[in-house]
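The values are calculated or read from the model by the stated rules, or taken from the named source; none is laboratory data. Since the model is a prediction, treat every value here as computed from it, not as a measurement. Neighbour counts run over all protein chains shown; Cβ positions are idealised from the backbone, glycine included.
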């Protein structure tokens with residue numbers, strides 16, 4: 001029986017640089033790391049990154065996007081821009097909330113999400 005996500009994982013080409021990106025730029029708490037794997041805490045959930053097995057492939061096409069809740073989203077976008085993050089377009093507003101997309105060092109999709117005001 002499936003109850004919840006155990007973790008979400010992305011392959012990365014340079015584990016050390018990616019740890020710095022997720023810990024220092026994005027601001028996630030590093031839980032564990034070794035030569036091939038690292039895990040971060042995201043409000044009780046785990047985001048894992050792992051060293052790619054295929055060294056020939058340098059481009060990742062991610063079919064998934066992890067969205068981090070950001071409230072207010074505009075403040076988080078500005079703070080990340082100051083750290084060098086480039087976003088794809090502007091913040092989109094929908095009835096279900098606000099969204100914006102960016103990428104990690106390996107072109108894995110990441111997003112910010114602000115739920116609608118109640």
Per-region count, region 68-81, residues within 13 Å of the chain's Cα centre (by Cα) and in a helix (DSSP H, G or I): 1
- prompt: Does residue 2 fit the bill of being at pLDDT below 95, in contact with a strand residue (DSSP E or B) (Cβ under 9 Å, 6 or more places away or on another chain) and either under 17 Å from residue 103 (Cβ atoms) or surrounded by fewer than 12 Cβ atoms within 10 Å (Cβ to Cβ) (or both)?
  reply: no
query: If we scan region 7-16, do we find a residue that is without any contact (Cβ under 8 Å) to a residue 12 or more places away in the chain and part of a helix (DSSP H, G or I)?
result: yes
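Please enumerate the residues belonging to region 93-118 that are part of a loop (DSSP other than H, G, I, E, B) and more than 12 Å from residue 10 (Cα to Cα).
Of everything in region 93-118, those that are part of a loop (DSSP other than H, G, I, E, B) and more than 12 Å from residue 10 (Cα to Cα) turn out to be 95, 96, 115, 116, 117, 118.
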statement: When restricted to 38, 64, the only residue modelled with pLDDT under 90 and within 15 Å of the chain's Cα centre (by Cα) is 64
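Quick check on my filter: what residues within region 17-46 are farther than 23 Å from residue 77 by Cα and in a loop (DSSP other than H, G, I, E, B)? Before you say what the answer is, go through the steps one by one.
Our first condition is that a residue be farther than 23 Å from residue 77 by Cα; within region 17-46, this holds for 31-39.
Across region 17-46, the qualifying residues are 34, 35, 36.
For region 103-118, enumerate the residues that are buried (at least 18 other Cβ atoms within 10 Å of the Cβ) and either under 12 Å from the mean Cα position of the chain (by Cα) or at pLDDT below 90 (or both).
If we filter region 103-118 for residues that are buried (at least 18 other Cβ atoms within 10 Å of the Cβ), which is where we start, we get 104, 106, 108-110, 112, 114.
Listed by number, the residues that qualify are 104, 106, 108, 109, 110, 112.
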- request: Scan region 1-36 for residues that are farther than 16 Å from residue 80 by Cβ and in contact with a helix residue (DSSP H, G or I) (Cβ under 8 Å, 6 or more places away or on another chain) and report the count.
  value: 6
- prompt: Which condition breaks for residue 84 when tested against (1) on the phi > 0 side of the Ramachandran plot; (2) modelled with pLDDT of 95 or more; (3) not in a loop (DSSP other than H, G, I, E, B)?
  reply: (3)
statement: Of the residues in region 74-88, those that are in contact with a strand residue (DSSP E or B) (Cβ under 7 Å, 6 or more places away or on another chain) and loosely packed, with under 10 Cβ neighbours inside 10 Å come to 86
